[in-house]
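What follows is a single structure, written as structure tokens, with notes after it.
Coordinate-derived values only; no laboratory data. These numbers come from a predicted model, not from an experiment. We place every Cβ from the backbone using ideal geometry, glycine too, and count neighbours over all the protein chains shown.
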Amino acid sequence: MIFVLVYCTAGISGGHINPAVTFGLFLARKVSLIRAVGYMVAQCLGAICGVGLVKAFMKRYYDSLGGGANEVAPGYSKGTALGAEIIGTFVLVYTVFSATDPKRSARDSHVPVLAPLPIGFAVFMVHLATIPITGTGINPARSFGAAVIYNERKAWHDHWIFWVGPFVGALAAAAYHQYILRAAAIKALGSFRSNPSN
């Protein structure tokens, strides 16, 4: 589903559908502050509407599954849950950077990359790893929409984890991609050009 949503909205808004992705791209100076805030507000409103529709059409399942609200699973600490959200979001946002990097597209033009596909797979893999821990947030809008509609104490109890974790993960991915990888690539290119044997 993420593949489909990103594919369908990429030409309109860049296919972010996630405040953490928007935040990462803002940090990388690929999105302006005004646009980033607008996207995040729209993402949260869309999530609220989406969860409202789920509740309206699937009330029995909605109630039995706790409204899809994220929470720290029994047996896991808040620190573990926060770590899972940070790492999971790092994987997602780093995949977004890698799949949409125009320099990579130019360099690897012989390898066609349909950006929404690796992004969708990244979300799938992160879900497999983190559902048992937090129910998989990695998208603050989704977590917020579920909490707003379900609106019971358990939905809000550790809600901060589902904002702080994804934003820290996005910050780490943006820093890694923009400053570590790019700096290494520039340094390698510089040494290649300065080598007299080439």
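How large is the helix-only mean residue ellipticity at 222 nm for the chain, computed as the sum of -39500 (n - 2.57) over DSSP H runs with n ≥ 4, divided by its residue count, in deg cm²/dmol to the nearest 500? Write down the numbers at each step before the final one.
Values: 11 runs with 144 residues, N = 198.
-23000 deg cm²/dmol, from helical runs alone.
How large is Rg over Rh for the chain, taking Rg from the Cα atoms and Rh as the Kirkwood inverse mean of 1/r across Cα pairs? Provide the component values of the computation, followed by the final result.
Details: Rg = 18.7 Å, Rh = 17.9 Å.
Reported Rg/Rh, Kirkwood definition of Rh: 1.04.
Would you list M1, M125 from fewest to most Cβ contacts within 10 Å?
On the way: M1 8, M125 14.
So the ranking, lowest neighbour count to highest, is M1, M125.
Rounding to the nearest 10 and keeping the result within 0 to 90°, find how far the Cα-based axis of helix 161-175 lies from the longest principal axis of the chain.
10 degrees
Would you kindly derive the ³J(HN,Hα) couplings of the stretch 25-34 from the backbone phi angles with the Karplus curve 6.51 cos²θ - 1.76 cosθ + 1.60 (θ = phi - 60°), listing them in order in whole Hz, with x for Gly and Pro?
6, 5, 4, 8, 6, 9, 9, 6, 4, 4
Using a Debye calculation, one point per C-alpha and no hydration shell, please list log10 I(q)/I(0) for the stretch 1-81 at q = 0.23 Å⁻¹ in order.
Once normalised to I(0) and log-transformed, intensities are -1.06.
If you line up the long axis of helix 140-150 against the longest principal axis of the chain, both from Cα atoms, how many degrees apart are they, to the nearest 10?
Roughly 10 degrees between the two axes.
Tell me whether the stretch 64-103 comes out rounded, prolate or oblate; compute the Cα gyration tensor, take square roots of the eigenvalues as a ≥ b ≥ c, and use a/c under 1.5 as the rounded threshold. Please report the intermediate quantities before stating the final value.
Values: a/c = 6.08, a/b = 2.06, b/c = 2.95.
Oblate is the answer for the stretch 64-103, as a/c is 1.5 or above yet b/c matches or exceeds a/b.
Give the separation of the Cα centroids, the stretch 1-56 to the stretch 126-152, in Å.
Between the Cα centre of the stretch 1-56 and that of the stretch 126-152, the gap is 15 Å.
Using unit Cβ charges (K, R positive; D, E negative) and no other charged atoms, how large, in debye to the nearest 20, is the dipole of the chain about its Cα centre?
Values: 16 positive and 7 negative charges, 93 e Å.
Rounded to the nearest 20 debye, it is 440 debye.
Could you tell me how many degrees, from 0 to 90 and to the nearest 10, lie between the Cα long axis of helix 116-134 and the main elongation axis, the longest principal axis, of the Cα atoms of the chain?
Value to nearest ten degrees: 50.
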